[in-house]
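Worksheet for the structure shown next.
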Amino acid sequence: MNASQPPYTCCFTGHRTLPNEQLPALSALLDRTVASLIKGQVTTFRTGGALGFDTLAALKVLDFRTRNPQLRLELCLPCRGQETGWSELAQQTYREILERADKIIVLRESYTSGCMHERNRFMVDGSQVCVGFCTSDKGGTAYTLRYAKNQGLRVINLAPLLDKF
């Protein structure tokens with residue numbers, strides 16, 4: 001992170017489906033990671049508002065914000081209506097996150113074939129750190145982590161750290 005650019009921004013990227021048996025450890029590891037980033041002067045956190053890791057990360061930031069009101073949660077949404085087809089519980093959680101977010105950026109009015117990648121690049125381009133949960137070298141999460149690394153961001157993949165946690 002370049003010391004001449006505070007406040008720092010962190011974006012999150014991860015799989016939509018999380019391993020249930022590892023969820024408590026992943027949540028604890030994410031908690032520790034966010035706490036460390038806050039100590040490192042990260043004040044703005046961006047998520048894409050998707051199911052799975054994005055939701056977990058958004059809820060974690062909102063929890064930290066209750067104790068650190070200077071923190072900001074920005075939702076970078078690929079398009080309006082991305083929650084269509086989600087379960088009622090997932091949609092309810094999504095609406096609660098939307099209501100509590102400090103900023104909502106919607107990149108497209110409706111779904112297009114490239115809007116998810118556009119959202120991921122947008123989040124990376126405005127960040128200094130990228131925290132992910134990626135268990136594969138293929139797919140959108142892997143692409144986003146590679147893109148972040150190529151853009152010079154500090155990249156933290158929590159997936160390989162779970163075994164050591």
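The values are calculated or read from the model by the stated rules, or taken from the named source; none is laboratory data. The structure presented is a predicted model; accordingly, all values stated were derived computationally and were not measured. Note that each Cβ is placed from the backbone with ideal geometry, even for glycine, and that neighbours are counted across all protein chains shown. Note: accessible area is taken over every heavy atom of the protein model, side chains too, but ligands, DNA and RNA are not part of it. Shrake-Rupley method; radii C 1.70, N 1.55, O 1.52, S 1.80 Å.
Site pair R32 and D163 shows an inter-label distance of 1.6 nm when each label is modelled 7 Å from Cα along Cα→Cβ.
Neighbours of L98, meaning other residues whose beta-carbon lies under 12 angstrom from its beta-carbon, give a summed charge of -1 when Lys and Arg score +1 and Asp and Glu score -1. Count charges around T44 for me, please; just the other residues with Cβ under 13 Å from its Cβ, Lys/Arg as +1, Asp/Glu as -1. Residues near T44 contribute +2 overall. Here the simple spin-label model places points 7 Å from the Cα toward Cβ, and for Y111 and K138 these points are separated by 2.1 nm. Which of the listed residues, M116, G48, L71, is farthest toward the dipole's positive end in the chain, when Lys, Arg count +1 and Asp, Glu count -1 at the beta-carbon? With unit charges placed on the Cβ atoms, the residue in question is L71. Rolling a 1.4 Å probe across all protein chains gives V155 an accessible area of roughly 60 Å². Karplus-based coupling profile of the range 150-163, in residue order and whole Hz: 5, 8, x, 6, 6, 10, 10, 9, 6, 4, x, 7, 4, 5, with θ = phi - 60° in 6.51 cos²θ - 1.76 cosθ + 1.60 and x standing for Gly or Pro. Each Lys or Arg adds one and each Asp or Glu subtracts one; over the other residues with Cβ under 14 Å from the Cβ of K149, this totals +1. When R119, R146 are compared by accessible area of protein heavy atoms, the largest-first order is R146, R119, using a 1.4 Å probe.
The calculated FRET efficiency for the pair Q41 and R80, based on their C-beta separation and a Förster distance of 35 Å, comes to about 0.60.
In the full protein context, the chain carries 51 Å² of accessible surface per residue, based on a 1.4 Å probe and ignoring ligands, DNA and RNA.
Near V155, the amide H atoms lying under 5 Å from its own belong to C130; only residues 5 or more places off or on other chains count, and H is placed 1.01 Å from N.
Helix-only arithmetic for the chain: the sum of -39500 (n - 2.57) across DSSP H runs with n ≥ 4, divided by the residue total, places the mean residue ellipticity at 222 nm at -13000 deg cm²/dmol. Taking a cut-off of 24 Å between Cα atoms, list the lysines near K103, but don't count ones fewer than 8 places away on the same chain. Correct list for K103: K39, K60. Only protein heavy atoms count here; under a 1.4 Å probe, R32 has an accessible surface of about 140 Å².
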